[in-house]
1. If only one of Ser95, Ser127 is at pLDDT below 85 and surrounded by 17 or more Cβ atoms within 10 Å (Cβ to Cβ), which one is it?
2. Tell me the residue from Gly134, Gly165 that is in contact with a Phe, Trp or Tyr (Cβ under 9 Å, 6 or more places away or on another chain) and at pLDDT 80 or above, please.
3. Pull up segment 274-322, narrow it to residues that are closer than 15 Å to Leu262 by Cα and among the β-branched types (Val, Ile, Thr), then point me to the one that is surrounded by the fewest Cβ atoms within 10 Å (Cβ to Cβ).
4. Return the residues of segment 257-315 that are touching a residue at least 40 places away in the same chain (Cβ under 8 Å), of a type in the set (S, T, N, Q) and either outside any helix (DSSP H, G or I) or not assigned by TED's automatic domain parsing to the domain that holds Phe233 (or both); say none if nothing qualifies.
5. If you take the residues in segment 74-89 that are crowded, with 18+ Cβ neighbours inside 10 Å and without any contact (Cβ under 8 Å) to a residue 60 or more places away in the chain, which one is farthest from the chain's Cα centre (by Cα)?
6. Looking at the structure I just gave you, is Leu229 out of contact with any Cys (no Cβ under 7 Å at 6 or more places or on another chain) and in contact (Cβ under 8 Å) with a residue 24 or more places away in the chain?
7. For the structure I just gave you, tell me whether Val131 is closer than 19 Å to Leu18 by Cβ and either of a type outside the set (S, T, N, Q) or outside the structural domain of Ala273 (by TED's automatic domain parsing) (or both).
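The values are calculated or read from the model by the stated rules, or taken from the named source; none is laboratory data. In this text the structure is predicted, and so the values were computed from the model without any measurement. Virtual Cβ from ideal backbone geometry, glycine too; neighbours counted across all protein chains shown.
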Amino acid sequence: MADGASLIARAIAHPATLETAFALIGALLWGYAVQAACDRRRPKRWPAAAYWLLLGLLFGFGAWLPYWVAGLLVVALVGIEAAGGVRLQATPAPSGESSAPRGWRALCPVLMIPTATFAIAGLAALSGGDVGRGAVVGLAVGGVVAVGVALPSGRFSGQAALEAGRRLTEDIGPLHLLPQLLASLGLLFTAAGVGSLLADAVGGLVPRGSATGAAVAYFLGMTLFTALLGNSFAAFSVITTGVGVPLVIAPFGLDPAFVAILGLTAGSCGTLATPMAANFNLLPVGLYGLSDNYAVIRLQWRLAAALWLAHVVVFSLFVRPW
């Protein structure tokens, strides 16, 4: 048992495993490119094919591309998208070659993805491996297994499944690119030393000797920066390094785990109230065809404000010197 877990951990840690997972994503996107190029009913089939081809190149060979080449490809993707080259057009949906699966036949493929993801990530954790790498590998394995289960249960072809996936992605629109771009933006801010600049700017505004005042500044910074980046994890490294540690944790000897958890979840309050968190707040608008682009945010911002105040109360009542 231990030998098997160790073998799995070594397989997950091998560089080729992660690159294979990304190569699968690239192959899927290239399949989209071929379908778009072959769709003669589509007025802008060549821009769409170029878009999926370039995106597949980034995923499949991103580890070997020079940084400047990857940057140019991202700019090209944004240009094609801005020109409407990938916009969903009125082409008939894939003909239903079969009746849609129902009950457990429909649910089982869906459950394969989280099951494989958690299983492989858990094995990586138990064997002392990289949990994040295990989750990515598990996600890729789960996707392959889910397709393998769904095709025979639904009795439709792989081409129909590929077409349905492409149409759904095009229906989502450019929002599918935002999470990757925003995560990269967070890394750029960290590398540029934005955290230290924020510490210098905020340090003069926070009342000296007030742990609650410093925490309010930390929580507010996390919320605003998350609203800017659209991702509390991207904001966490910048704001915690620049504000949380030097102004809240170190001067007052507070428990870093407790403060960091409150800071991260305070940032999530910003996620609830920003269009930059497109996968949470704008994606449902596109999927459900809502007329108001900000309908989700309008429903969430009051809850976000109440939760943010609750963070300040919890900090004041429960956070003590470590």
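1. Details: Ser95 fails: surrounded by 17 or more Cβ atoms within 10 Å (Cβ to Cβ).
Testing whether each residue is at pLDDT below 85 and surrounded by 17 or more Cβ atoms within 10 Å (Cβ to Cβ) leaves just Ser127.
2. Being in contact with a Phe, Trp or Tyr (Cβ under 9 Å, 6 or more places away or on another chain) and at pLDDT 80 or above holds for just one of Gly134, Gly165, which is Gly165.
3. Step by step, filter segment 274-322, then rank; the result is Val313.
4. Hit for segment 257-315 is Thr274, nothing else.
5. That would be Gly85.
6. Criteria met by Leu229.
7. yes
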